[in-house]
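Worksheet for the structure shown next.
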């Protein structure tokens with residue numbers, strides 16, 4: 001998950017050829033660490049270090065490793081349209097599968113992201129910070145920060161977000177991407193850990209309490225007053241409310257687009273790193289310590305699961 005994948009603010013130096021090296025088959029892959037998992041029906045896909053991709057077609061009863069075009073660490077995986085799966089990770093890599101995770105293609109990576117950033121840096125006023133960030137890169141032609149989350153509103157429109165405030169947008173299903181980093185109220189370039197949307201709403205969450213909401217008319221992510229100054233690791237949206245969760249047992253819900261927030265009394269100081277909608281108004285929250293809680297929005301009630 002994003003909190004595990006970005007253990008330090010400074011990107012780790014790594015060999016520059018991981019983007020060009022497919023993942024290696026591993027007989028012990030099904031017992032490997034994974035950092036993200038997604039499901040669509042009975043199909044599950046999990047991702048992890050060194051380009052690891054695992055797939056199950058029977059609801060998790062049996063797993064198999066599938067080939068990945070890269071060996072860089074993968075962080076997050078999301079199903080979008082039926083059969084379409086996206087994975088993002090270190091070296092700003094974006095992978096896509098159109099057959100439910102059986103085969104994967106690379107659609108973007110740190111080389112492409114760096115080219116995008118440099119081509120728009122002058123217009124966006126980003127030249128200095130782009131070159132400053134590149135001083136931390138192990139490779140002169142690869143953007144060093146990870147992508148940590150990805151979300152699509154439909155088959156064509158989506159966002160990917162990550163380290164140093166990076167925001168990428170596509171309007172053609174990932175064939176082309178544009179840089180939205182400067183189109184956000186995030187001048188300090190805090191890391192962005194989550195992007196999520198519902199209906200006409202699109203939200204981002206990140207370091208130091210950063211919450212952003214898309215103003216579609218302005219084409220910009222505007223800052224939302226946050227009820228907490230620590231890092232948020234995830235968001236869950238429904239038509240009725242927004243849920244933000246993160247460090248040290250903090251989770252808050254808003255029923256009015258972020259104008260007012262109510263703290264969820266979770267009874268735990270663990271870091272909350274995942275939310276799983278269960279239908280209706282119930283959401284299951286999962287902590288980094290393995291705790292599982294069920295939250296019901298209508299009553300703001302939390303129940304600890306076995």
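Residues being modelled with pLDDT of 95 or more and closer than 28 Å to residue 203 by Cα are represented in the range 52-67 by at least one member.
Of the residues contained in the range 183-200, one or more are found to be over 18 Å from residue 78 (Cβ atoms), assigned to a strand (DSSP E or B) and without any contact (Cβ under 8 Å) to a residue 40 or more places away in the chain. Do we find that residue 101 is modelled with pLDDT of 95 or more and touching a helix residue (DSSP H, G or I) at 6+ places or on another chain (Cβ under 8 Å) in this structure? No. For the range 247-254, the count of residues that are under 23 Å from residue 185 (Cα atoms), modelled with pLDDT of 90 or more and in contact with a helix residue (DSSP H, G or I) (Cβ under 9 Å, 6 or more places away or on another chain) is nonzero.
Residue-by-condition table, conditions (1) out of contact with any strand residue (DSSP E or B) (no Cβ under 9 Å at 6 or more places or on another chain); (2) under 25 Å from residue 200 (Cα atoms):
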site	(1), (2)
230	no, no
235	no, yes
247	no, no
259	yes, yes
272	no, no
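When restricted to residues that are outside any strand (DSSP E or B) and more than 17 Å from the chain's Cα centre (by Cα), the range 209-236 contains 11.
Okay, residues lined up against (1) surrounded by 24 or more Cβ atoms within 10 Å (Cβ to Cβ); (2) touching a helix residue (DSSP H, G or I) at 6+ places or on another chain (Cβ under 7 Å):
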site: 140; (1), (2): no, no
site: 143; (1), (2): yes, yes
site: 146; (1), (2): yes, yes
site: 150; (1), (2): yes, no
site: 154; (1), (2): no, no
site: 167; (1), (2): no, yes
site: 170; (1), (2): no, no
site: 173; (1), (2): no, no
site: 176; (1), (2): no, no
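When you scan the range 119-135, do you find a residue that is free of Cβ contacts under 8 Å to residues at least 40 places away in the same chain, more than 18 Å from the chain's Cα centre (by Cα), more than 30 Å from residue 236 (Cα to Cα) and in a loop (DSSP other than H, G, I, E, B), even just one? Yes; the residues of the range 119-135 include at least one that is free of Cβ contacts under 8 Å to residues at least 40 places away in the same chain, more than 18 Å from the chain's Cα centre (by Cα), more than 30 Å from residue 236 (Cα to Cα) and in a loop (DSSP other than H, G, I, E, B).
The values are calculated or read from the model by the stated rules, or taken from the named source; none is laboratory data. Not measured: the values here are computed from a predicted model. Here the Cβ is made from the backbone with ideal geometry for all residues, glycine too, and neighbour counts use every protein chain on show.
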